[in-house]
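Report on one structure; see the data block that follows.
Just so you know, all these numbers are worked out from the coordinates, no wet-lab data involved. What you see is a predicted model; the values in this text were computed from it and never measured. Using ideal geometry, Cβ is built from the backbone for each residue, glycine included, and neighbour counts are taken over all protein chains shown.
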Ligand SMILES: Cc1cc2nc3c(=O)[nH]c(=O)nc-3n(C[C@H](O)[C@H](O)[C@H](O)COP(=O)(O)OP(=O)(O)OC[C@H]3O[C@@H](n4cnc5c(N)ncnc54)[C@H](O)[C@@H]3O)c2cc1C
């Protein structure tokens, strides 16, 4: 922590603090929910989503897995839910398909199902959050007379593996012209203002708070490629970094030395060896660099894997072009056990598109297809500024209904799964439990949840579902009155290996569909700050569990203090005043974030080959099919779409 007290940090300041109480929007002091809701009235008109004030994207404070979204699932996990739930109320509703999970996978599944079953097919999508999109969430901020957009989770259309034909076709059908992306980005936004990637050394880890140029950004921030690195960067870095002379010499050596640290082995043998040791171990035991340099690079791979270099293999580090392998004579090409995220191809790299609200735009385009009245407009560009009408999502006259604030608690065939004609789905909504029936059900929700809601599945499949850990992620968006401090310090993004948030930046300057990215340093802006909580030293899955627990137990007050403190320490020299300059904070907390991707350090099957847990986990069962990006153990939007396609294929094949 820095030297500023709560008042100086601005913790007493009036910023936008609209929050959610059990999924119901409240402004401080004034409830906007009809009283009938609290009295337990069941009529649709009195439900919170019907209120014109119901607009989750504009809510700030603790978002992501917000209060009201997870308690039911946790009580299922703890075995207490049915002790208090009572007998569910039969809604009498019957569908062709019920989908559990309103993320990109669930929404895509609905889209694909309609292609087969026709536009009149009756579909219900249930999601436990107050907004649709799953991880692909939209954050809005009001700044003066304009709206600022940001992403609460999924950042962009991008995937280390090329998009499949199916996923590409869906993106095209939604009207997104991926190759046109460059026309929406202000390419010289950073360079014309001399904004550079920086490293923030913090005094707790490195002995002094200091912002220094980053001579080798290594893909930590999405805007690195637009920022460029000056020819003087290394000189500047070595002169200013608060590292010992030995650490500086080692840092230089790490990038320059062309040494084979595994002499006598073939490229294949070296890769096999590197797949079994961490990059941290490679740096320490083979390159023998100073511990401060290891600390400097500890959080480099966080945005990929949610863990640091202690839990990422040296082979993956080599593939990510981290330093130290220049003299190793490793053949290009993928080695056994390499993680998907490190298998970049040019085709994949070129397929990139970022909307100002990230892939929430994809979710919104899908919703527009499924429930046209809910989102006005007719192009991929105009969806950016379109205001969703949440009251239209769950109308009885619509063939597709999206029911938010609804956690599926039991999915069961009516009779023997082998011959049953229907599935009954029970869900909890604002303290009550209801049932609906359907000819089919697709579970497009997180795999770790499935064993608690569907106890019919075979034991081996249950185990495989349980094995699907999730990677915890915190994306905090901070609205600032202006970004003059960034300009004064020539900082476009910051890598901060010892700080609460390991990286942050000004975001991609994209203008599309009437939305204009901020132009002048005096303009308001949203800064995105990322944290991947983990516990170095443990196996990857245990690190994720520890991080998930940490994130779940951290209050918004602590998040706010950490956010203000870090910005003050990093940007203070540029005149930044957290009390004056911060206008709103939205902390998108995802304890169940990325899908877990297999890792050669811990997952033997990944090195040896054979059936993977996700292949076992996603097997169809009777009238139930299983989607979600977890079903491919690959944390990308295209996988959510691919798995939806497969699941729909399974329930519609004759
Ligand atoms: C912070 C973050 C950033 C990311 N950035 C990118 C990126 O830039 N590009 C990219 O391609 N991918 C990115 N990803 C990964 C990508 O977001 C996911 O792979 C994809 O969106 C997953 O979609 P999904 O529908 O499979 O799952 P989800 O989006 O997780 O949706 C599943 C939904 O099911 C709900 N659910 C769970 N249990 C129940 C229940 N019992 N009842 C009702 N609903 C339930 C969940 O709450 C959730 O809303 C990111 C992920 C995170 C977390």
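Once R0 is set to 45 Å, what does the formula 1/(1 + (r/R0)^6) return for the Cβ-Cβ distance between residue 80 and residue 5, expressed as a FRET efficiency to the nearest 0.05?
Values: r = 42 Å, r/R0 = 0.93.
Given R0 = 45 Å and the Cβ-Cβ separation, E is 0.60.
Once both axes come from the Cα atoms, what is the angle between helix 104-117 and the longest principal axis of the chain, in degrees from 0 to 90, rounded to 10?
40 degrees
Return an integer: the convex hull volume of the alpha-carbon atoms of the chain, in Å³ per residue. It would help to have the intermediate numbers written out before the result.
Working: hull volume 97.5 nm³, N = 654.
Expressed per residue, the convex hull around the Cα atoms of the chain is 149 Å³.
How high is the relative contact order of the chain? Use alpha-carbon pairs under 8 Å, at least six apart in sequence, and give a whole percent.
On the way: 1393 pairs, mean separation 149.8, N = 654.
With pairs under 8 Å counted, the relative contact order is 23 percent.
Given axes a ≥ b ≥ c from the Cα gyration tensor, I'd like to know whether segment 599-645 is rounded (a/c under 1.5), prolate (a/b larger than b/c) or oblate.
Working: a/c = 3.36, a/b = 1.52, b/c = 2.22.
Here segment 599-645 falls in the oblate category.
Kindly express, to the nearest 10 degrees and within the range 0 to 90, the angle between helix 360-370's C-alpha long axis and the longest C-alpha principal axis of the chain.
20 degrees
If you fit an axis through the alpha-carbon atoms of helix 637-652 and take the longest principal axis of the Cα set of the chain, what angle between them do you get, 0 to 90°, nearest 10?
So the inclination is approximately 30 degrees.
Pop a pseudo-label 7 angstrom from the Cα along the beta-carbon direction at both residue 142 and residue 53 and give the gap in nm to one decimal.
With each label point 7 Å from Cα toward Cβ, the separation is 1.2 nm.
Going by how many other beta carbons lie within 10 Å of each one, how would you line up 390, 532, 54, fewest first?
Working: 390 23, 532 26, 54 20.
By the 10 Å Cβ count, ascending, the order reads 54, 390, 532.
What list of whole percents do you get for P(r) of segment 456-518, with Cα-Cα distances grouped in 10 Å bins up to the one holding the largest distance?
Reading the bins upward from 0: 14, 31, 20, 14, 14, 5, 0.
Between residue 164 and residue 13, what is the label-to-label distance in nm when each label sits 7 Å out along the Cα-to-Cβ direction?
4.7 nm
Residue 182 versus residue 419, label points 7 Å from Cα toward the beta carbon: distance in nm?
Spacing of the two 7 Å Cα→Cβ label points: 6.3 nm.
For every helix of n ≥ 4 consecutive DSSP H residues, a contribution of -39,500 (n - 2.57) applies; sum these over the chain, divide by its total residues, and give [θ] at 222 nm rounded to the nearest 500 deg cm²/dmol.
Values: 25 runs with 189 residues, N = 654.
So the helix-based figure for the chain works out to -7500 deg cm²/dmol.
Let me make sure I get this right: for segment 293-385, a, b and c are the square roots of the gyration tensor eigenvalues over alpha carbons, sorted descending. Under 1.5 in a/c it's rounded, otherwise prolate if a/b > b/c, else oblate. Which is it?
Numbers: a/c = 3.52, a/b = 2.52, b/c = 1.39.
In terms of gyration-tensor shape, prolate.
Any idea what diffusion coefficient segment 490-647 gets from Stokes-Einstein, in µm²/s, Kirkwood Rh on alpha carbon pairs, 10 °C, 1.306 mPa s? If you can, show how the numbers build up before the last one.
Details: Rh = 19.1 Å.
It diffuses with D of about 83 µm²/s by this estimate.
Express in nm, to one decimal, how much length is gained between residue 555 and residue 605 on full extension, taking 0.36 nm for each residue of separation and deducting their alpha carbon distance. Let's see the in-between values first.
Details: separation 50, 0.36 × 50 = 18.00 nm, distance 3.82 nm.
Result for the pair: 14.2 nm of gain on full extension.
Please say if segment 238-309 is rounded, prolate or oblate, where rounded means a/c under 1.5 for a ≥ b ≥ c the square roots of the C-alpha gyration tensor eigenvalues, and otherwise the choice is prolate for a/b larger than b/c and oblate otherwise? Before the final figure, lay out the partial values.
On the way: a/c = 2.66, a/b = 1.36, b/c = 1.95.
The shape class here is oblate.
Between segment 188-261 and segment 322-393, how many Å separate their Cα centres?
Taking the Cα centre of each part, segment 188-261 and segment 322-393 sit 28 Å apart.
If each residue's Cβ is checked for other Cβ atoms within 10 Å, how do 328, 1, 343 rank with the fewest at the top? Write out the running numbers ahead of the final one.
Working: 328 21, 1 11, 343 15.
Fewest to most other Cβ atoms nearby, the residues stand as 1, 343, 328.
Which percent, nearest 5, of DSSP beta bridges in the chain are antiparallel?
Numbers: 56 of 85 bridges.
Among the beta bridges of the chain, antiparallel pairing accounts for roughly 65 percent.
Counting other beta carbons within 10 Å of each Cβ, put 283, 107 in order, fewest first.
Working: 283 24, 107 32.
Taking fewest neighbouring Cβ atoms as first place, the list is 283, 107.
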